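The values are calculated or read from the model by the stated rules, or taken from the named source; none is laboratory data. Keep in mind it's a predicted model, so treat the numbers as computed, not measured. In this analysis, Cβ positions are derived from the backbone assuming ideal geometry, glycine residues included, and neighbour counts consider all displayed protein chains. Just so you know, the surface numbers come from the protein's heavy atoms only, side chains and all, with ligands and any DNA or RNA stripped out. Shrake-Rupley method; radii C 1.70, N 1.55, O 1.52, S 1.80 Å.
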Amino acid sequence: MSRLGHLGARLYRGEVGYDFVGKRKIWYGISILITITAIVGLAVRGLTMGIEFEGGAVFTTPKTSASVAQAEEVAERASGHDAIVQKLGNKGLRIQISGIDTAKSDSIKTELSKELKVPAEDINADLVGPSWGDQIANKAWTGLIVFMILVVIYLAIAFEWRMALAALVALIHDITITVGVYALVGFEVTPGTVIGLLTILGYSLYDTVVVFDGLKEGQRGLTKQTRFTYSEMANKSLNGTLVRSINTTVVALLPVAGLLFIGGGVLGAGMLNDISLSLFVGLAAGAYSSIFIATPLVADLKERDPQMKALKKRVLAKRAAAAAKGETDEPQDAEPQDGSDDDEGAAQTAGAVVGQRRQPSRNNRGKRR
């Protein structure tokens, strides 16, 4: 077994772990700081809306020796608006200018043909009206609201309302951070960005549901014992699914990182940048929120339940009584001293799972005879 797999098995059995829930105030503080930074960036810099939302024209030229800076200068002088120029794979140029109409686009096309030394009939001009972008934005908001409502209803039925509320907070947290990064970086918001934002909601929800399923299993019969509080059980369940969440996130981030840094950064494919940046930031934020936000928030809400308050009092009272007698009743399992003890413990655990009893050794059978 690999070292990571061995660690995952020990996390699942509760032999090792990190107190995520116990240190939730730290994670809340970090998340609040990140969220405030994203909101400030959004308020100060704002979003750079693409031509699909503001309207304008996109000019595509064939192969030309003109540089990006030269084409940008010509386009801005001819239109009186800011221009975005990208170098295409065929050595051509893609010139995007917002806020111009059909009559203005004809004069810009003529000026580009003259200055870039490209025949006017070879320059392709596409006009986009702002009403189309408004329709996309309205449909995106409608889809987002419907998705949130359905998620809350489903989680409230499948789990409970506290988990539904925690999942909703985590989703809002992920969207806020992703939109804030777009504002700080200055990337354009295009239909591809909207697609990426709606896609990350599913990834974020998947990680959260995996952790919540462990919580649901762990809280069965929890009030009938006096060893764990709800927060300790939640932390143990979280550690049990930690490696799975990390593996899922890393596997999803690798191809997205390839699209972002190679497809968008090296090859200069603008559409890949639009989709991959929102996916990359959203996936990372989703994994973070499911571990550091959703589960601790559920524990906070659950600890206010009268049954869990009574359970916590019984657990603490039992530990205090055990401490007074010089005993220990801590929920941590003792770690093995060497590999042989670890293997033996694993064998005992496996035997307990399948309902088998350990067979006595030959020496013990001989003594019994």
Item checked: Accessible area of segment 21-121 belonging to carbon and sulfur atoms, whole % at 1.4 Å probe -> 57 percent
Next item on the list: Sum up the charges of everything whose Cβ sits under 10 Å from the Cβ of residue 159, counting Lys and Arg as +1 and Asp and Glu as -1, but leave residue 159 out.
Entry: 0
Notebook entry, point to check: If the chain between residue 101 and residue 131 were fully stretched, how many nm would it gain, using 0.36 nm times the residue separation less the Cα-Cα distance?
Noted result: 9.5 nm
Check: Taking the mean number of other Cβ atoms within 10 Å as a proxy for protection, how do you rank 176-183, 215-222 from highest to lowest?
Finding: 176-183, 215-222
Next item on the list: Quantify, in whole percent, the carbon and sulfur part of the accessible surface of segment 175-215 (1.4 Å probe; protein heavy atoms only).
Entry: 74 percent
Next item on the list: For 314, 162, write out the residues from largest to smallest accessible area, computed with a 1.4 angstrom probe and no ligands counted.
Entry: 314, 162
Next item on the list: With a 1.4 Å probe and every protein chain left in place, tell me how much accessible area residue 153 has, in Å² to the nearest 10.
Entry: 90 Å²
Note to self: Ordering 161, 141, 27 by accessible area with a probe of 1.4 Å, largest first, what comes out?
What the structure shows: 141, 161, 27
Notebook entry, point to check: Using the Kirkwood radius built from alpha carbon pairs, what does the Stokes-Einstein equation give as D for segment 191-231 at 10 °C and 1.306 mPa s, in µm² per second?
Noted result: 126 µm²/s
Checklist line | Positive-end extreme of charge dipole, segment 14-171 - chosen from 22, 46, 80 (charges on Cβ) | finding: 22
Notebook entry, point to check: What pairs from 216/313; 23/318; 25/309; 224/309; 236/325 go past 18 Å between their alpha carbons?
Noted result: 216/313; 23/318; 25/309; 236/325
Item checked: Net charge contributed by nearby residues that have their C-beta within less than 12 Å of residue 31 (K/R +1, D/E -1) -> +1
Notebook entry, point to check: So what's the net charge close to residue 191: Lys and Arg +1, Asp and Glu -1, counting the other residues with Cβ under 11 Å from its Cβ?
Noted result: -2
